[in-house]
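Engineer: Below are the structure tokens for one structure; questions will follow.
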Amino acid sequence: MTVDGPYEIPPLDDAADISRTTAPQPGETLADTRNWAGFGMLFIGVLLAVAAAVVALWGFGAAALVVTIFAVVTVLAGVALVAVEQVRRRARNTAAPGEAPAWQAVVPPGS
């Protein structure tokens, strides 16, 4: 049985109810498309960091500095996007018991 707010909701087929867990399931973070923008920014930032290292090895110090600044800004933006989405997800999953959505039917205790 799952406790949703002050009421218990019995599963229909006596199966384990994993849809309302607050802990992320394996792979759930990557499967959530709201994180993809942050992960994309992180990927681009890493690519820019590698490009900055290559440019620095070629001897172009000023260009390497510019690319490094872009890499740092991009990585920080990606981390910020992922962190903000994690905070939003926690806020969505930890609603107060009395604030059940209007569409969500609840079963009073003893029914």
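Engineer: What number comes out for the charge environment of VAL84, summing +1 per Lys or Arg and -1 per Asp or Glu over other residues with Cβ under 15 Å away? Write down the numbers at each step before the final one.
Structural biologist: Numbers: positive: ARG34, ARG88, ARG89, ARG90, ARG92; negative: ASP32, GLU85.
With Lys, Arg at +1 and Asp, Glu at -1, the neighbours total +3.
Engineer: For the full complex of protein chains and a 1.4 angstrom probe, list PHE39, PHE70 by accessible area with the highest value first. Walk me through the numbers before you get to the answer.
Structural biologist: Details: PHE39 65, PHE70 125 Å².
I get PHE70, PHE39, largest accessible area first.
Engineer: Taking 7 Å along the Cα-to-C-beta vector as the label spot, tell me the VAL66-ARG88 distance in nanometres, rounded to one decimal.
Structural biologist: Those two pseudo-labels are separated by 3.4 nm.
The values are calculated or read from the model by the stated rules, or taken from the named source; none is laboratory data. Not measured: the values here are computed from a predicted model. Note that each Cβ is placed from the backbone with ideal geometry, even for glycine, and that neighbours are counted across all protein chains shown. All accessible areas refer to the heavy atoms of the entire protein, side chains included, with ligands and DNA or RNA removed. Shrake-Rupley method; radii C 1.70, N 1.55, O 1.52, S 1.80 Å.
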